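Undergrad: Once you've had a glance at the structure underneath, I'll fire off some questions.
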C-alpha cells in the first residue's frame with residue numbers, strides 16, 4: 001500500500017548523508033552543498049521494497065553500511081531510482097538500503113521551480129513507489145532550568161527509586177538512545193555507554209560535548225554508589241548512543257533531527273537488538289519512521305517517546321504511534337487523564353565536561369520511564385509492551401494534595417515481585433544491606 005504525506009513541517013536543517021550511502025554522479029562535497037538549508041524544502045524521501053536487500057552478502061558489520069563499490073542493494077533498485085529521477089525531472093542525491101524493513105530509500109531534490117506538492121502527488125500514483133514524503137524535522141523536548149536551588153533529585157525520591165533498586169537496577173538491559181551525542185567521559189557515565197554512532201557527523205561532528213543526549217543519558221543510567229554525583233533510574237543498564245540530532249545552535253540544549261538521520265538510527269538500533277528505544281523528541285507523523293518503529297515493536301523492542309501534552313497529533317510523533325509508550329511531564333491535568341507521566345521539572349542530571357544542572361521537559365520524563373522499563377525488563381526479560389504499559393499505569397500514585405504524582409518505580413517493580421527472580425533479588429539485597437539496631 002502506498003503511503004502519501006504532504007507535511008506542514010518542512011525540514012529546516014542540513015541533512016546528513018553517511019559516507020556509506022550511494023550518491024548519483026556527485027562528489028561528496030557537491031552532495032552536501034545540495035543538501036544545504038537553502039535547498040531543504042525541495043527534498044523528497046522515496047521508498048520501495050527490494051527483496052534482495054538482505055540476501056546480498058557483505059563483510060560489513062550488522063550496523064554498518066557498505067562503501068561505494070560494495071553497495072548493499074541490487075542494481076535493480078538503482079535502475080528504479082534512476083528511472084524515477086528521469087521520469088519526473090528529479091535530482092537523485094543519495095540512496096541506501098533500510099535493512100531492518102527491506103526497503104530501498106532515496107533522497108531526491110525537486111528541480112528548478114517545479115512544484116514539490118505536485119511531484120509528491122505524481123510519485124504517490126506511480127506503481128513503483130510505495131512511500132513518498134517530505135523530509136520532516138523533529139525537535140528534542142527539554143530546556144535549562146534557571147533556578148538551581150531545588151532539592152537535589154526530588155524526582156528519584158518521588159519515584160521511590162532507592163526502594164526499587166533493592167529489586168532491580170537494569171542489569172543486562174540495553175537502551176538505544178536516539179538523540180544528540182553523549183559525554184561518555186563524564187564521571188557518572190564512564191562505562192555506561194556500550195556503543196556510540198554518529199549519523200549526523202557531516203552536520204555536527206561533536207559527540208561528547210552535546211548537551212541534550214548527555215542529560216537524557218544521565219537520567220537513565222548515571223552510576224550508583226561511585227561518590228561522584230547523581231544516580232540514574234537504571235544505573236546498571238547500558239546505553240547505545242545513536243546520534244541522529246544536533247544542537248540547533250552551538251552549545252544549545254535544543255536540538256533538531258530529520259527523517260533521514262532518524263531512520264538510520266532506528267534501523268541500526270533494530271539490527272543491534274536493543275531492549276528499549278528512548279526517543280526524547282517529537283515531530284510530525286512520518287511514514288518511514290512509522291514503518292521502522294512498527295518493525296522494532298514487532299521484534300519486542302519497547303519504544304518510549306516524549307509527549308508534548310499539546311494534544312496536537314501533527315507535532316507529537318512518535319509518541320502518537322500505537323504501542324509506543326507515550327510519556328509527558330507531570331502536570332495538574334494528569335489526574336483527569338489516562339496518561340503515563342513522570343517528574344519533568346527541575347531534574348538534576350549530567351551535562352558535558354563532568355558538570356551537572358537542572359533540566360526540565362518531557363524529554364527528561366521519557367528518560368525516567370525508559371529507566372523504569374529497564375528495571376522491569378531485568379525482572380521479566382520477555383515483558384511485552386502491553387504488560388509494561390499496564391504495570392506503569394497501575395503504579396501511578398497521588399501526591400498529598402491529590403494530584404497525580406506520576407509513575408512510582410517501586411510500585412512498578414513490586415508488581416513483578418511475585419516471581420522467583422525478584423524474590424531472589426530481595427534476599428540478596430537484604431543480605432547486602434543488613435538492618436542495624
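Bear in mind these aren't lab numbers, they're just calculated from the coordinates by the rules spelled out. Owing to the predicted nature of the structure, the values given are computational and were not obtained by experimental measurement. We place every Cβ from the backbone using ideal geometry, glycine too, and count neighbours over all the protein chains shown.
Undergrad: What order do you get for 94-106, 384-396 when each peptide is scored by the mean count of other beta carbon atoms within 10 Å, highest first?
TA: The most tightly packed comes first, giving 94-106, 384-396.
Undergrad: Residue 115 versus residue 252, label points 7 Å from Cα toward the beta carbon: distance in nm?
TA: Result for the modelled spin labels: 3.3 nm.
Undergrad: What is the packing order of peptides 274-280, 311-317, 228-234, 369-375, taking the mean over residues of other C-beta atoms within 10 Å and listing the highest first?
TA: Working: 274-280: 29.0, 311-317: 15.3, 228-234: 24.3, 369-375: 31.6.
Packing order, densest peptide first, comes out as 369-375, 274-280, 228-234, 311-317.
Undergrad: Taking the Cα atoms of segment 222-264, what is the range of coordinates along each of the three principal axes, in descending order and whole Å?
TA: Extents along the principal axes, in whole Å: 39, 23, 11.
Undergrad: Right, another one. Work out how much length residue 355 to residue 224 would gain on full extension: take 0.36 nm times their residue separation and subtract the Cα-Cα distance, in nm to one decimal. Walk me through the numbers before you get to the answer.
TA: On the way: separation 131, 0.36 × 131 = 47.16 nm, distance 1.64 nm.
Taking 0.36 nm per residue and subtracting the Cα distance, the gain is 45.5 nm.
Undergrad: Remind me, relative contact order of segment 139-429 in percent, using alpha carbon pairs under 8 angstrom and six or more residues apart?
TA: On the way: 727 pairs, mean separation 72.2, N = 291.
Worked out over segment 139-429, it gives 25 percent.
Undergrad: Mind giving me the nanometre distance, one decimal, between the label points for residue 384 and residue 294, set 7 Å out from Cα along Cα→Cβ?
TA: Going from the residue 384 label point to the residue 294 one covers 1.8 nm.
Undergrad: Taking 30 Å as R0, compute the FRET efficiency from the Cβ-Cβ separation of residue 41 and residue 75 and round it to 0.05. Don't skip to the end; give the middle numbers.
TA: Values: r = 32 Å, r/R0 = 1.06.
Given R0 = 30 Å and the Cβ-Cβ separation, E is 0.40.
Undergrad: Using Cβ contacts closer than 10 Å as the measure, can you line up 363, 124, 204 from fewest to most?
TA: Values: 363 32, 124 18, 204 22.
Fewest-to-most Cβ neighbours within 10 Å comes out as 124, 204, 363.
Undergrad: Suppose the chain between residue 313 and residue 51 were pulled fully straight at 0.36 nm per residue; how much longer would it get relative to their current alpha carbon spacing? Don't skip to the end; give the middle numbers.
TA: Numbers: separation 262, 0.36 × 262 = 94.32 nm, distance 3.29 nm.
So the extension gain works out to 91.0 nm.
Undergrad: Semi-axes, largest first, in whole Å: what does sqrt of 5 times each Cα gyration tensor eigenvalue give for segment 139-429?
TA: Working: eigenvalues 127, 87, 78 Å².
Semi-axis lengths for segment 139-429 are 25, 21, 20 Å.
Undergrad: Another one. With the crude spin-label approximation of a point 7 Å out along Cα→Cβ, what separation in nm comes out for residue 172 versus residue 126?
TA: The modelled label-to-label distance comes out at 4.9 nm.
Undergrad: Peptides 178-185, 41-48: what's the order by average Cβ count within 10 Å, highest mean first? Present the calculation step by step, with values, prior to reporting the outcome.
TA: Numbers: 178-185: 26.8, 41-48: 21.6.
Listed from highest to lowest mean packing, they are 178-185, 41-48.
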